[in-house]
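First up is the structure itself, then whatever we jot down about it.
Please treat every number below as a calculation from the coordinates, not as lab data. Just so it is clear, the model here is predicted, and its values are computed rather than measured. We place every Cβ from the backbone using ideal geometry, glycine too, and count neighbours over all the protein chains shown.
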Amino acid sequence: MSDIRELDVRQMPPAKRHPQIFETFDALSAEESFVLVNDHDPKPLLYQFQAERAGRFDWSVLEAGPERFRVEIRRRGSDGPRSVTEFLEEDHRHIDAVFPEVERLMAASAFPESADRFEEGACGLLHHIEAEERLLFPAFEQATGIHNGPTSVMRAEHAEIRRIIDAVRAALGQPDADAAKTALGRLVELLATHNAKEEQILYPMTDRVIGGAGERAELIRRMQAV
């Protein structure tokens, strides 16, 4: 994260914030990103991005208040519509990349830094889980009539993921290096199998049954805004 530009708009006059943010985004090359720092939830900005830069960006929440909000805004490598599978797989890759960084910081005994970076990954992961439980799973269940299949398994694994996140937080807060390493290893291992199930079964099934491109785009738009 240290090599990603940070745009802190907290001291800017409100009228200048959105123009500066869009100017920064438009100057990005494909796959580049910047971190927006704000003093309030930037959800209205997200809605403006969805209206004016639809299909061109990814939005990853790193910190969700109450006093500071941080979001990584990335320019996609290709513009235009995408499947639910593509959208959520990219989110998996972005989240999964955080935890090896946490492991490296822990190995260097940089516990405050490792705790901060873990919180960024946990924030993104919990938002991802919430989007699935609030929007993806109900859409899948309504379209298929299946309520005790893949979504039931994923909900149970989500509960375990939340428990492990709490265990890592507690260990990093002490700090207890051995306990943190063990808990983080459990989280990474569980995410590997959990994500594979979603990417190989649940997401493709959702794309097949959810409807056309318009329905998929609307579901993605709503999941971004969780």
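Summary table
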| item | result |
| --- | --- |
| Arg93 versus Glu23: modelled label distance in nm, points set 7 Å from Cα along the beta carbon direction | 3.2 nm |
| Distance (nanometres) between label positions extended 7 Å along Cα→Cβ at Ala108 and Arg169 | 2.5 nm |
| Spin-label proximity, Glu67 to segment 120-137 - amide N less than 19 Å from point 7 Å beyond Cα toward beta carbon | 120 |
| Contact order normalised by residue count of the chain, Cα under 8 Å, 6+ apart, percent | 20 percent |
